[in-house]
Amino acid sequence: MTLSDMVDSPAEDVVANLTPDEIKESLGVLTGWDLVDGHHLHKAWTFQDFISALDWVRHAGAICEKQGHHADFKLGWGYAEAITYTHQPEGLTRADIALATELDSIEGIDMS
């Protein structure tokens, strides 16, 4: 199964937990995302300043609202971090892969 297949899966498949092989395949395509405790995805971005990091989080929040799937964010001067996993069922699903892909697509922010 390709990443685009995972992102474009039917709604009932989006909330099914990924298998270890599907997680491994996804990590091979997602740039800079780490699997933490076999449970969630984490990525950190660096920016030129606080305002740029805040602007990125605003864009990321809009993506989360659009997808109806919300990451946890950490924000500070010159950095932002995202953690994503699905609460029901507990673990990683295709929704997390779709969200990670969209977060990576944010452009126009002054990153360092």
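Data table
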{"item": "Any helices (runs of 4 or more DSSP H) falling wholly within the stretch 4-68 and containing at least 3 residues that are modelled with pLDDT under 95 and either surrounded by 12 or more Cβ atoms within 10 Å (Cβ to Cβ) or touching a Lys or Arg at 6+ places or on another chain (Cβ under 6 Å) (or both)", "result": "20-29"}
{"item": "Per-region count, the stretch 86-107, residues assigned to a loop (DSSP other than H, G, I, E, B), surrounded by fewer than 20 Cβ atoms within 10 Å (Cβ to Cβ) and in contact (Cβ under 8 Å) with a residue 40 or more places away in the chain", "result": "4"}
{"item": "Single residue of Ala44, Ala71 found to be of a type in the set (Gly, Ala, Ser) and in contact with a Ser or Thr (Cβ under 9 Å, 6 or more places away or on another chain)", "result": "Ala71"}
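The values are calculated or read from the model by the stated rules, or taken from the named source; none is laboratory data. Owing to the predicted nature of the structure, the values given are computational and were not obtained by experimental measurement. In this analysis, Cβ positions are derived from the backbone assuming ideal geometry, glycine residues included, and neighbour counts consider all displayed protein chains.
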